[in-house]
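Down below is the structure, laid out as structure tokens.
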Amino acid sequence: MAVTSIGARVARKEDHRFITGKGQYVDDINRPGQAHAVFVRSPHAAATIKRIDISAARKMPGVVGVLTGEDLAADKIGGLICGWMIHSKDGSPMKAGAHPALAQGKVRYVGDHVAVVIAETLLQAKDAAEAVVVDYAVEKPVVDVASALAKGAPAVHAEAPDNRVFSWHLGDKAATDAAFARAKHVTSLDIVNNRLIPNAMEPRAAVGDYDSGNDAFTLYTTSQNPHVARLVLSAFIGVAPEHKLRVIAPDVGGGFGSKIFIYAEETVCVWAAKKVGRPVKWTSDRTEAFLSDAHGRDHVTKAELAMDENGRILALRASTKANLGAYLSTFASSVPTYLYAPLLSGQYDIPAIYAEVDGVYTHTAPVDAYRGAGRPEATFVVERLVEVAARQLGQDPAKFRARNYIRNFPHQTPVIMAYDAGDYHASLKKALELADYKGFARRKRESARRGKLRGIGFSSYIEACGIAPSAAVGSLGAGVGLWESAEVRVNPIGTVEVLTGSHSHGQGHETTFAQLVSDRLGIPIENVSIVHGDTDKVQMGMGTYGSRSGAVGMSAIAKALDKVIAKGRKVAAHVLEAAEGDIEFKDGKFTVAGTDRSAGFGDIALQAYIAHKFNGQELEPGLKEGAFYDPTNFTFPAGVHICELEVDPQTGDVRIEKWTAVDDFGVIINPLIVEGQVHGGIAQGVGQALHEGAVYDPVTGQLVTASYMDYRMPRAEDLPSFVVDTTVTPCPSNPLGIKGCGEAGAIAAPAAVVNALTDAVGHEDVPMPATPQALWRACQKAPRLMAAE
Amino acid sequence: MTTVSLTVNGQSVTKDIDPRTLLVQLLREHLRLTGTHVGCDTSQCGACVVHVNGVSVKSCTMLAAQCEGAFVTTIEGIAEGGRLHPMQEAFREHHGLQCGYCTPGMIMSAIDIVNRKGTALDEATVRHELEGNICRCTGYHNIVKAVIAGAEAMGGGMRQAAE
């Protein structure tokens, strides 16, 4: 039998259905009598709706219904919500405008939802959508934070007249200013963190179904957290109470954050199913995805680092304007605040930090969590500052980092976080060796002989994952707890079903979670199935994001497994006629200590169900246990990524020559899967640095990058094979020692690439995305004079 | 309506369709072969790649009516007699997929690359040839490994068949 225990490179159990075309994604699901929905979307970034005329559309062939915001309001369907309250510096709550699922009076970005047309076929619905006449009074849009904050700018929502949703801060301003006042050297940078569009390969989709016999709804949806969707659709939007609403997220084709949120289209499909008396299906096309999926990043930051005469960091100061788009998406307010500023200490011992963040409304798609969510933005600020500081001081960037690393754990930063474990020097040392840092100067000379500019860039990132202790996030404004649940059902023949509130949309939970169960219960991995993504099967859960499924989701499973084993020992004591205290469980066997009397796990499971060998009044029959696990702390994965690349100054073309990643994820269940997560994260980070950027026309507010012709996704040829390795300091804050790995690459990579590019071209003026055009321009600019000024 | 007759995964099929029906719609909606996916509107992503008369085609770019008399193979049709195709096996073994959405198109493209470029593929060739297939999950690292290994296995398989 192949090794399937914790730490083994087990090929994925779920792959068979995907490689044979038998996956079951939402668009593969069709309900009897199903009709198709097409959304009428605003072609304008800002406009008042004077009139919507649906009379012609209603008469088109095959049309089942045409619904608008008025119908939603008449049914008392509430608006979409933002589930994280941020308070401004002055203590006032954030100023949020309403977010109706179908527009009521105003449209606020290109792609905003105006009406839905439902017809027998998709083509009929498309034709009828063309016949909906909307009379708009077009207004002037603001699409970037500078224009939105300018005097006299039009207000996106009346509730926030100057477009500031909040003016938030974190840290000790006085202590930070004092440190800057006595600093011997200050490094300052103006940083733009470019806006990204997530682009999971499966577009969003929904099928709403209403069973009038039972007055119950079912929503099939592309969700990373079906229970959260059900909670929001029930408790806030008011579609149906939770016991009358089943949410199913079957196979989901990637999320990267964009499928956390509760969007207009999914809401409308489930509501409309009752309204029109037919199942209603909507599948996003790619252009709709570009227009209406929540975008990511989009920060403008002024950042400064203060150092003493020896290059010891004294303080960090950052002032950030975060573009939140036209409406507050589900977790939008938390991303540039509590998921960002608490990470500004990076891996460094920084005595004083102060950050202020303005959240700003613009006439663009809502911005929310995208792989890393706030932590890539923080890492980019810290790692650009550190790199530039080292260059300005004439110090080696690796040594400068090492000199300032945190050495002792636990470490309390000045910005909330208490890092529990890590060894940053170990990761750096290993990365420098794997990258052959010593040989870089030679390789740079060799490139120069060929007329190429070679550069090397570091990124010593940290992230806060395993989100999160419920009471802690509650005190910071979260509207939910961030525990996870698990239920372990042992069948009478000893096979096991595990129901988890985590959701797998590419992460391979059906394998890693089964490895844990197989390891703990000593049963073959084939005898374990993992059930997720259906609110009728799994009672409750918080879903998958923030690299939490290992640290939190698996900890819940481990807790439930402990209870199963404890119950099994009670049963075994009766079966083996021994005291419970004498029963040991190891390698799938219950044994009476010091004897050869034992019973296999399957035998005890059967005995638990037939209940012949014990008194069913004293010990309950059956073998099924559940657990909720609430984490005690965030987890702190960290590592060093090194990017080495070559720029062609004639064309601005860039080639990544080598990528070295050394990450500390704590205990690893399945290295094959973890490495895959790192690879994918790096590719997304490289995409941000070199290729991807959402562009809105500043005059019209049109999204210029709304297809794969205009928004450049990383392709196979843009990337090298990666050198990926790990160091391990087990996480002391959860029972499995797991830190999480899902976002590391996307967090680390942008700074590593830009540090390498700026090293190559010899100055700091390189924007993201560093397209060939941008790099060619950068190559025309003279390199900086010698480092030490 | 128009009538189209073709062979899909070895089975003869005749369907009355709207003339604007795309091949991918015929496969997904009329034949319920949902392994072929749609990931974009512009023939960029490659999630819909199938083989038409042995050559890879983006099925979102071809009208079903153009397939009159054609032999179409989809992801559902490459395993033979319950045995996975070597390229399917290689994707599983090398963790060449995560969410699985781009995977059918990737595998169909990979088989086509081998058909055109042979069974001894180097990394640069594979990366170049995958230009028309986008994956958001894997960073391509393990896809490239899988394609090289799958190509080798296809070579071994063919040699055996010739013996």
(message) With surrounded by fewer than 24 Cβ atoms within 10 Å (Cβ to Cβ), at positive phi, at pLDDT 95 or above and more than 7 Å from every other protein chain (Cβ to nearest Cβ) as the only criterion, which of B:GLY118, B:GLY132 stands out?
(response) B:GLY118
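Every residue, every condition in (1) of a type in the set (D, E, K, R); (2) in a strand (DSSP E or B); (3) away from chain B (no Cβ under 14 Å), yes or no:
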| position | (1), (2), (3) |
| --- | --- |
| A:VAL473 | no, no, yes |
| A:SER485 | no, yes, yes |
| A:LEU499 | no, yes, yes |
| A:SER504 | no, no, no |
(request) Taking A:ALA272 as the residue in question, decide whether it is at pLDDT 95 or above, closer than 24 Å to A:PRO32 by Cα, touching a strand residue (DSSP E or B) at 6+ places or on another chain (Cβ under 6 Å) and more than 14 Å from chain B (Cβ to nearest Cβ). (result) yes
(request) Kindly list the number of the only condition in (1) among the aliphatic types (A, V, I, L, M); (2) within 23 Å of A:LYS173 (Cα to Cα); (3) under 28 Å from the mean Cα position of the chain (by Cα) that fails for A:ALA389. (result) (3)
(message) Need a quick list: strands (runs of 3 or more DSSP E) entirely within the range A:622-699 having at least 2 residues that are closer than 30 Å to A:THR495 by Cα.
(response) A:624-629
(request) Exactly one condition in (1) in a loop (DSSP other than H, G, I, E, B); (2) more than 19 Å from B:ILE134 (Cβ to Cβ); (3) of a type in the set (Gly, Ala, Ser) is not met by B:SER5; state its number. (result) (1)
(request) Give B:ALA47, B:ALA124 a once-over and let me know the one that is of a type in the set (A, V, I, L, M), facing chain A (nearest Cβ under 9 Å), closer than 30 Å to B:ASP16 by Cβ and not in a strand (DSSP E or B). (result) B:ALA47
(message) Which of the numbered conditions does A:ARG375 fail, given that it passes all the others? Conditions: (1) within 21 Å of the chain's Cα centre (by Cα); (2) closer than 23 Å to A:LEU80 by Cβ; (3) not β-branched (Val, Ile, Thr).
(response) (2)
(request) Go through the range A:690-728 and give me each residue that's more than 8 Å from chain B (Cβ to nearest Cβ) and farther than 21 Å from A:ASP293 by Cα. (result) A:LEU690, A:VAL699, A:ASP718, A:PRO720, A:VAL723, A:VAL724, A:ASP725, A:THR726, A:THR727, A:VAL728
(message) Quick check on A:ALA478: is it aliphatic (A, V, I, L, M), more than 25 Å from A:SER549 (Cβ to Cβ) and either touching a Gly at 6+ places or on another chain (Cβ under 7 Å) or not assigned by TED's automatic domain parsing to the domain that holds A:GLY91 (or both)?
(response) no
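So that you can scan it fast, the table gives a plain yes or no per residue for (1) within 14 Å of chain B (Cβ to nearest Cβ); (2) outside any loop (DSSP other than H, G, I, E, B); (3) surrounded by 21 or more Cβ atoms within 10 Å (Cβ to Cβ):
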site	(1), (2), (3)
A:VAL10	yes, no, yes
A:LYS13	yes, no, yes
A:PHE18	yes, yes, yes
A:PRO43	no, no, no
A:THR48	no, yes, no
A:VAL66	no, yes, yes
A:GLU70	no, yes, no
A:ILE81	no, no, no
(message) Can you tell me which condition B:ILE113 does not meet? The list is (1) more than 8 Å from chain A (Cβ to nearest Cβ); (2) surrounded by 24 or more Cβ atoms within 10 Å (Cβ to Cβ), and all the others hold.
(response) (2)
(request) Assess whether A:GLY91 counts as being within 13 Å of chain B (Cβ to nearest Cβ), of a type outside the set (Ser, Thr, Tyr) and at positive phi. (result) no
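The values are calculated or read from the model by the stated rules, or taken from the named source; none is laboratory data. Quantities reported herein were computed from a predicted structural model and do not represent experimental measurements. Cβ atoms come from the backbone with ideal geometry, glycine included; neighbour counts cover every protein chain shown.
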